Amino acid sequence: EVVTEDIVLLPHYDFKTGIRTDNAQQIEIGEDGIVIFEGIHALNERIMGHADEKFRFGIYVSPHSGFKKDGELFMSKRDVRFVRRFVRDSWSRGTDPERTYEMWGMVCEGEDKFIRPCAKYADIHINSTHAYEPGLIAGMAIELLEKVQPESDFYEKATEILRELKYFDPI
């Protein structure tokens, strides 16, 4: 939230509680200061539209590719994103596997509606798919996915991703 041309309010968001706190920190950026808007909504024109176009530079970072074996896709870029989120939510937010699955449909819907359309405003696109990444998170992801019980609504999807992760050697 811009207060004046050289003062901004930096809000605080608690990911464990899922609540934005009202104790925003006021920061003076000065006449020659630089403001970086970071986050999945940063390219949205409702945010970036306030900045003079000649001073804007947008970067869109996302996995642009999945993983193939013998020319066949076996792990889509959306599954790559899901595994990232699955592990991150457990590790840094204390979210159990069932809750991540419950939210995933809404996450994808929001992405398709509010994030991907804004990618066109980016000056550059960076593919964040890294060949080594599944090996880094496979061990934790497999451990979490194996906790999904057969009676779960998400068991079939968990089993599918487990099969995908078996292609990677945990690092």
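The values are calculated or read from the model by the stated rules, or taken from the named source; none is laboratory data. No experiment lies behind these values; they were computed from the predicted model shown. For accessibility, only protein heavy atoms count, side chains too; no ligands or nucleic acids. Shrake-Rupley method; radii C 1.70, N 1.55, O 1.52, S 1.80 Å.
Observations on the model:
- Put simply, the amide H of I7, placed in the peptide plane, has neighbours under 5 Å in I29, leaving out anything fewer than 5 places away on its chain.
- In order along the stretch 63-74, phi translates into HN-Hα couplings of x, 9, 8, x, 10, 10, 9, 6, x, 9, 5, 10 Hz, rounded to whole numbers, per the Karplus curve 6.51 cos²θ - 1.76 cosθ + 1.60 with θ = phi - 60° and x for Gly and Pro.
- Anchor K166: aspartates and glutamates whose Cα lies under 20 Å away (excluding residues fewer than 8 positions away in-chain): D70, E72, D79, E133, E143, E146, E156
- Under 15 Å of direct C-alpha separation, and excluding same-chain neighbours fewer than eight residues apart, K120 reaches these aspartates and glutamates: E45, E53, E111, D112.
- GNM result for the chain, Cα springs below 10 Å: residue of H50, H125, H64 fluctuating most strongly: H50
- The mean accessible area for residues of the stretch 68-171, using a 1.4 Å probe and ignoring ligands and nucleic acids, is 62 Å² per residue.
- Global size of the stretch 50-171: 16.3, 55 Å for Rg and Dmax (C-alpha atoms, Rg to one decimal, Dmax whole).
- The C-alpha atoms of the chain define a longest principal axis, and helix 133-145 lies at about 60 degrees to it.
- Carbon and sulfur %, accessible surface of the stretch 52-95 computed with the full protein complex present, 1.4 Å: 49
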